[in-house]
1. Return a yes/no flag: does the range 46-53 have any residue that is modelled with pLDDT under 95, loosely packed, with under 11 Cβ neighbours inside 10 Å and either of a type outside the set (Lys, Arg) or within 16 Å of Ala4 (Cα to Cα) (or both).
2. Just one of (1) in contact with a helix residue (DSSP H, G or I) (Cβ under 7 Å, 6 or more places away or on another chain); (2) at pLDDT 95 or above trips up Val18, so point out which.
3. Considering only residues that are touching a Phe, Trp or Tyr at 6+ places or on another chain (Cβ under 7 Å) and basic (Lys, Arg), which ones fall in the range 28-65?
4. Tell me, which strands (runs of 3 or more DSSP E) lie completely within the range 1-55 with 2 or more residues that are among the hydroxyl-bearing types (Ser, Thr, Tyr)?
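The values are calculated or read from the model by the stated rules, or taken from the named source; none is laboratory data. Note that this is a predicted model, so its numbers are computed, not measured. Glycine gets a Cβ as well: all are built from the backbone with ideal geometry, and neighbour counts include every protein chain shown.
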Amino acid sequence: MNKAQLLDIVEQYCRTSVSGTDQIKVVRIPDQKTVFVEKHGNDGRSVYLSEHQVDGKIYWAGYSSLSETVYISQTI
């Protein structure tokens, strides 16, 4: 997933609270997170989030290709 696609998903989620598309899930994680550890069985995988600005608010978002999930965190 490229940066433009990720921004489109973040904008859609932030404006409409739609939690994903047919293929990609969107999960809101606690505020002010820039890294999220996605657990798979006994293992974990770090998902690094990048900064995106939507309607004057800053969100951090990252994509996991393993679970096809976008994780979103809002700054305060």
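1. No.
2. If we test Val18 against (1) in contact with a helix residue (DSSP H, G or I) (Cβ under 7 Å, 6 or more places away or on another chain); (2) at pLDDT 95 or above, just (2) comes out false.
3. Listed by number, the list holds a single entry, Lys33.
4. Working: elements: 25-28, 35-40, 43-48, 50-54.
Filter on the range 1-55 gives 43-48.
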